[in-house]
Ligand SMILES: Nc1nc2c(ncn2[C@@H]2O[C@H](COP(=O)(O)OP(=O)(O)OP(=O)(O)O)[C@@H](O)[C@H]2O)c(=O)[nH]1
Ligand SMILES: [Mg+2]
């Protein structure tokens, strides 16, 4: 091959070499449909939702056109201008200008525009043109524009902007092949003209005067090419009259959150019982089929009792995500941020912190990533520090298990389940402590004035059922995959620690006392005894660091092994038998605060680029957890629940 | 928390912010239902000296708060009527009154 590499320019003309691997970037205002477009182009499944700031990183995908040409597509965070202010917008600016390390600038930029809201994106398109990037304008959401009777003179628009304009419906994959054709033609024209895409063409941050100038130009183009809609969307205004009402709006927001957690707790019950029964039957079947011994113990007590006790919570996870995805797709998230801004601001949080915090109900990791939309570093750090206090879905198994075992299944206040109320209370405690900690962080670490809060409120959209189902299924898949990998392997490890070594001959106590788990548990018990934890609980906490829900599986295995051959599949019942109410409440209190998740700490390290913040997070959360569990345990004991 | 005044900021001889000048009203002082046209954006004040006022001006401009744009206050928050939700030409934008301070509006005759 030395021959070819010695004279590549003779064998492959440079223009063609570049054309073979076309690089395209998707740039546009937030919420204009860039990720939907990316998914349509590449067949990827990146997250699409109806609020600004969904995408916070650059994502790469590939299109293989019929001609055998490979196009690399970059999905980028939305922005109003190249003058980036928050970390996500910096990614977009650097990708467009080719400042990312080891990366050439894109050959063609697809400027994705919401056809119903063109004013700001036209200015961005002019900015892109000024940078010298060959640009193609995708007039996305043309379906909505047509429904509203919006008249857009695309030929004129194309002439005014000096770039091809293609109408698209990203979510329905309409206009995608026309777009690809236009992009390729644009790239070929560039290559033929012998222009290189390197360099920044002397881009500098526009001044206020320059922004005004470009805006006037955009305004002129808009007037020339677009006539106002004949049937404007009146639904958004009418819904906002109710949903943003100072009194009704807050009431509805609280009701929605309350219903969400009630539904998670009570709605999933029947299916969960079914899954439990299924695992019990499976366990019985295996027990019949296998001879007594280590293998049977591993499968029944390690794998089935452990993994089964986590998989049971799948229905709850699905219900929670169904709610969150519906709220995101309808366009409610930005409204909730508006309604809660003052309360969050009182705690010193940035107005945009609401969306990362709400994402943290699913998992703190995407929540922490979503803080990239916050421009001010300190505001962003505060939000990162409190995000893990929001009750993530991995806590659901722990909460559900203990609440159903210890809180009587009664109806209170005319039909509300008491268990559901306690469950909601745990969520509320998490949210409230996030606000208090945020407030304290600002008092202790920094005392700066807060940053501006400017946020576009998207039009409401009817969620696409297929999209919602696909996303819920995706979350279910992720949960099951975790159960099959992290949780399964932790379960096998725990089973091993619980059974090995076996008890010495003639041992008096239960066999598990002699196992590694027993030894470890007894060793750390003194540390946790003041907060009312037994050694079994202490053992369950350690693997719980890998993933919170593992604690439930670990308890399942510990009690299955220590319960001997007749171990019942109903973990809750055996907990109710073995734990005092005070210990159970202390365990809940611990779980509200404890930093029981190694991946969260790793993401904080990555996002803040230092070990300092994960260490601070670990320290303050452990401290809070210990104090909270201590107070809860001793209060409960004093009240006679010991 | 007051930081020392920036020498580049205007002298106190400027008209006090929030008081109508030539029939203009600051968007920050508008109530629900206020409708009008944006007259000026970004007269810097000492109040938001933390963020370079030029920076705030550019952010407002980039969001579409430019001279000549139509605004209407659609909704107000429930604590201290803050933040506000405005219709800005054909978009909807939420912002805090503090940020709206520098946006002066010529109100319509009937609003
Ligand atoms: N009706 C219709 N809806 C669309 C179309 N394209 C996108 N959407 C919807 O618009 C919303 C925003 O889409 P995204 O792809 O997440 O937008 P984005 O530009 O990636 O947003 P950020 O990542 O936040 O910058 C979602 O609710 C989509 O379902 C379209 O062509 N027609
Ligand atoms: Mg996106």
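What the table below lists for this structure:
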| quantity | calculated |
| --- | --- |
| Segment A:300-332 and segment A:359-406: distance between their alpha carbon centers, rounded to Å | 16 |
| Distance from segment B:75-111 to segment A:539-557 (C-alpha centre basis), Å | 50 |
| Cα long-axis angle, helix A:377-386 against chain A (0 to 90 degrees, to the nearest 10) | 30 |
| Helix axis angle, A:208-225 relative to chain A longest principal axis, alpha carbon, degrees | 70 |
| Using alpha-carbon coordinates, inclination of helix A:269-289 to the longest axis of chain A, degrees | 60 |
| Mean ellipticity per residue at 222 nm, deg cm²/dmol - from DSSP H runs of n ≥ 4 across chain A, formula -39500 (n - 2.57) | -17500 deg cm²/dmol |
| Exposure proxy ranking, count of Cβ atoms within 10 Å, fewest first, for A:453, B:78, A:533 | B:78, A:453, A:533 |
| Ranked A:615, A:512, criterion: other C-beta atoms within 10 Å, fewest first | A:615, A:512 |
| Relative packing of A:349-355, A:216-222, A:53-59, which averages over residues the other C-beta atoms within 10 Å, highest first | A:349-355, A:53-59, A:216-222 |
| Rg/Rh (Cα only; Kirkwood hydrodynamic radius) as it applies to segment A:406-489 | 1.12 |
| Distance (nanometres) between label positions extended 7 Å along Cα→Cβ at residue A:439 and residue A:605 | 3.3 |
| Within segment A:21-227, percent of DSSP bridges classed antiparallel, to nearest 5 | 30 |
| Relative contact order for chain A, counting Cα pairs under 8 Å that sit 6 or more residues apart, in percent | 12 |
| Residue order, fewest to most surrounding Cβ atoms within 10 angstrom, among A:577, B:75 | A:577, B:75 |
| Kirkwood Rh, angstrom, segment A:21-227 [1 / mean 1/r, Cα pairs] | 16.9 |
| FRET efficiency for residue A:230 and residue B:40, using Cβ-Cβ distance with R0 set to 30 Å, rounded to 0.05 | 0.35 |
| Three-way shape call for segment A:181-326 based on the alpha-carbon gyration tensor, with the a/c threshold at 1.5 | oblate |
| Diffusion constant of the protein assembly as shown at 4 °C, which comes from Stokes-Einstein with the Kirkwood Cα-pair radius and 1.567 mPa s, µm²/s | 45 |
| Cα centroid of segment A:43-77 to Cα centroid of segment A:147-170, whole Å | 22 |
| Against the rule of thumb 2.2 N^0.38 Å, how large the Cα Rg of segment B:24-107 comes out | 0.98 |
| Segment B:24-107 - percent relative contact order, Cα under 8 Å, separation 6 or more | 47 |
| Fraction of antiparallel bridges per DSSP, the protein assembly as shown only, in percent to nearest 5 | 65 |
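Read the figures in this text as sums done on the coordinates, not as results from a lab. Since the structure is predicted, the reported quantities are computational estimates derived from the model, not experimental observations. Positions of Cβ are generated from backbone atoms using ideal geometry, with glycine treated the same way; all protein chains shown enter the neighbour counts.
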